[in-house]
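The values are calculated or read from the model by the stated rules, or taken from the named source; none is laboratory data. Everything numeric here is computed off the predicted structure, so don't read it as measured data. When we count neighbours, we look across all protein chains shown, and the Cβ atoms used for this are built from the backbone with ideal geometry, even at glycine.
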């Protein structure tokens, strides 16, 4: 019995994305007008910059919280409702902060994509 050769079927957008990954330059779909392609590049750069900012804040939270607890061992003695504050800081504090960071990032990304922004206006 002979095996049939497998063929990968991908969309043109997938091929463009993979080509951009290999070259290091984001690929622009060929059907975009030059002005739209430039706007897409600007939006991509701005959103990437915003995402890196949020990622830095997330790293500061996740790395800073243990450092804070090491620097302030007295938080183990302080209790809130019978639970050490250091435990609450690890178990409760990060989640609302993560939700706020996610909401902030989403709003900034949506604001960046909004076409009604005048050119050159930054937030």
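From the list 69, 88, 55, exactly one residue is free of Cβ contacts under 8 Å to residues at least 24 places away in the same chain, touching a strand residue (DSSP E or B) at 6+ places or on another chain (Cβ under 9 Å) and surrounded by 12 or more Cβ atoms within 10 Å (Cβ to Cβ). Which is it?
The match here is 88.
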TODO: State the number of residues belonging to the range 20-41 that are modelled with pLDDT of 70 or more and either over 25 Å from residue 114 (Cα atoms) or surrounded by fewer than 12 Cβ atoms within 10 Å (Cβ to Cβ) (or both).
DONE: 4
Open item on the list: Which count do you get for residues in the range 69-90 that are farther than 23 Å from residue 102 by Cα and assigned to a helix (DSSP H, G or I)?
Closed with: 10
- [ ] Within the range 30-46, track down each residue that is over 20 Å from residue 108 (Cα atoms) and under 23 Å from the mean Cα position of the chain (by Cα).
- [x] 37
Open item on the list: Scan the range 98-109 and tell me whether some residue there is loosely packed, with under 12 Cβ neighbours inside 10 Å, free of Cβ contacts under 8 Å to residues at least 12 places away in the same chain and either over 27 Å from residue 42 (Cα atoms) or touching a helix residue (DSSP H, G or I) at 6+ places or on another chain (Cβ under 6 Å) (or both).
Closed with: no
